[in-house]
Amino acid sequence: MIKKATFGAGCFWCIEAVFQQLEGVKSVVSGYTGGKVKDPTYREVCGGRTGHAEVAQITYDESIISFDELLEVFWKTHDPTTLNRQGADVGTQYRSAVFYHDQEQKEKAESYKKKLNEAKAFDDPIVTEIAPLTVFYEAETQHQDYYKNNPDQPYCAIVIRPKVEKVKRVFADKLVK
């Protein structure tokens, strides 16, 4: 069955590049959700005044990769303990978030977050927002497949490439063959 998941974990270029590596992921679209402005632009979202998070919406084949597996990759490829920040990217638009599509995704995300906190998997408590997906706005064309199209751009080389390499190392059994 084809399903969707929507995650915020800092810059959407990073999220997109990470999830594009996984077998069973059909597409990853960078965009915005969780804000107050209709049809926001990248410049507006980056300004931090719309309330939106930069997110990636993942379309996946549940018979190949499960939502639980996507959550595992999500938790392990960003810092879910920093409020409104991932590395040098600061602001509510870079918050850690699971925007669930149904009750099952909500319950799984909440359960996973609780287990990680109880296990003290991170030095600090997880601050990841778990909220219903309302409206998803697709980002402008130049933000789609950003890492694939700009691998030598400094941000890609310094920030995104190490995340992609980590996914390839840690999740070797889940990669596109």
Exercise. Just add up the charged neighbours of C14: K/R +1, D/E -1, any other residue whose Cβ is under 12 Å from the Cβ of C14.
Key: -1
Exercise. Please grab the % of Cα pairs in the range 2-174 that end up more than 20 Å from each other.
Key: 48 percent
Practice problem: For each pair in K38/K106; K4/K163; K38/K163; K3/K38; K3/K113, compute the distance between the two Cα atoms and list the pairs where it is over 29 Å. | Solution: K38/K163
Exercise. Could you please rank L175, L83, placing first whichever residue has the fewest other Cβ atoms within 10 Å of its Cβ?
Key: L175, L83
Quiz item: Can you pull out the GluC sites (Glu not before Pro) in the range 2-73 that DSSP calls coil and that have at most 15 other Cβ atoms within 10 Å?
Solution: E23, E62
Quiz item: Fewest first, what order do V135, V29, V73 take by the number of other Cβ atoms within 10 Å?
Solution: V135, V29, V73
Practice problem: Just order 87-97, 153-163 by mean Cβ neighbour count inside 10 Å, highest at the front, would you? | Solution: 87-97, 153-163
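Any read-out appearing in this document is the output of simple, stated calculations on the displayed coordinates, not a laboratory observation. For clarity, every value in this text was computed on a predicted model and none was experimentally measured. Backbone-built Cβ (ideal geometry, glycine too); neighbour counts: all protein chains shown.
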